[in-house]
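*Asks:* The structure that follows is given in the form of structure tokens.
Bear in mind that the values in this text are calculations on the coordinates, not laboratory data. The model shown is predicted, which means the values in this text are computed figures rather than measured ones. A quick note on method: Cβ atoms are made from the backbone with ideal geometry, for glycine too, and the neighbour counts reach across all protein chains shown.
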Amino acid sequence: MKTPFPDKQSIVLTKSTARKYFGDADPIGKVIQIDQKNNYTVSGVIKDLPANSSIQYTVFFPLDILKDKYKPGDHWKSWDSGLGQLLLLDVLQLQPGFSPETIARKLTAIHHRSQKEAIGAAHYSLQPLHHMHLYAADGTEKGMQTVRIFFIVGVVVLLIACINYVNLATAQATQRAKEVGVRKVIGAHRKQLFGQFLGESAIVCLLALWVALIAIALLMPSV
């Protein structure tokens, strides 16, 4: 979709939003009234954004709508020339080889040259899109700290499980002493016995992993 907004009265919906308002009918070309006064024509439908994405929107409007609110001569400059509109999330696609830090410094310098009275008040910074979910725009940790905490808890639980398994295996070893003795009598070597016990442990771990993956798949939608 190269031109999702043919004009200022166009609108793009997600699939779930289009189904909410139009059911199973084709929404393209249908009209939606916003704020009981403005009519917008559906020009496109996109897939629903992933539930675990930090970017969550259901309706998309053309940015040209805001241009009419900021005109030359107002307190702020026009939308295209003013640098005071800092309420939007801007996404840039950099060419290979360009440094985000360098571009951020140049943007800051342009801002300061254009609005000298705002020197020191504005500072631009860029971050990779995939960092947005776990890190704030200034680079400080946001959700990453929670991830680290859960990682440490997971490691501790795994260590406790390993210790418990070793204790149980050691306790069962005395009960299998006769089995080991019989196998030695009939010619079993130490490597064969070691391989047997190691193989049994591997099978138990694989079965536990399989059960855990099934449990995660079943419980994840309700989390």
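*Asks:* Which length gain, in nm to one decimal place, applies between Q56 and H189 when the Cα-Cα distance is subtracted from 0.36 nm times their residue separation? It would help to have the intermediate numbers written out before the result.
*Replies:* Numbers: separation 133, 0.36 × 133 = 47.88 nm, distance 6.20 nm.
The Q56-H189 span can extend by a further 41.7 nm.
*Asks:* Suppose each label sits 7 Å from its Cα in the direction of the beta carbon; what would the Y21-V147 distance come out to in nanometres?
*Replies:* 3.5 nm
*Asks:* Now, a different point. Over the chain, consider all pairs of different Cα atoms and compute the Kirkwood hydrodynamic radius from their mean reciprocal separation; express it in Å, one decimal.
*Replies:* Values: mean 1/r = 0.0404 Å⁻¹.
Averaging 1/r across every pair of different Cα atoms and inverting gives 24.8 Å.
*Asks:* Residue by residue, what Karplus-based ³J(HN,Hα) values in Hz, rounded to whole numbers, does the stretch 185-191 have, using 6.51, -1.76 and 1.60 with θ = phi - 60° and x for Gly and Pro?
*Replies:* Per residue, the Karplus-derived 3J(HN,Hα) values read 5, 8, x, 6, 8, 4, 5 Hz.
*Asks:* Say each of A169 and D68 gets a label point 7 Å from the Cα, pointing the same way as Cα to Cβ; how far apart are those two points in nm?
*Replies:* Result: 7.2 nm between the two label points.
*Asks:* Tell me the Rg and the Dmax, in Å, that the Cα atoms of the stretch 143-187 produce.
*Replies:* When restricted to the Cα atoms of the stretch 143-187, Rg and Dmax are 18.9, 59 Å.
*Asks:* Now for a separate question. Could the peptides 157-165, 54-62 be put in order, highest first, of the mean number of other beta-carbon atoms found within 10 Å of their residues? Could you put the intermediate results ahead of the total?
*Replies:* Values: 157-165: 10.6, 54-62: 14.3.
Ranking, from highest mean packing down: 54-62, 157-165.
*Asks:* Can you give the FRET efficiency for A161 and R113, using 1/(1 + (r/R0)^6), R0 = 45 Å, r = Cβ-Cβ distance, to the nearest 0.05?
*Replies:* Values: r = 60 Å, r/R0 = 1.34.
With R0 = 45 Å, the Cβ-Cβ based efficiency is 0.15.
*Asks:* Taking a cut-off of 17 Å between Cα atoms, list the aspartates and glutamates near K67, but don't count ones fewer than 8 places away on the same chain.
*Replies:* D7, D80, D90
*Asks:* At 222 nm, what helix-only mean residue ellipticity would the chain give, in deg cm²/dmol to the nearest 500, using -39500 (n - 2.57) for each DSSP H run of four or more?
*Replies:* -14500 deg cm²/dmol
*Asks:* Per-residue counts of other Cβ atoms within 10 Å, averaged by peptide: what ranking do you get for 8-14, 130-136, highest first? If you can, show how the numbers build up before the last one.
*Replies:* Values: 8-14: 19.1, 130-136: 14.1.
By packing density, highest mean first, the sequence is 8-14, 130-136.
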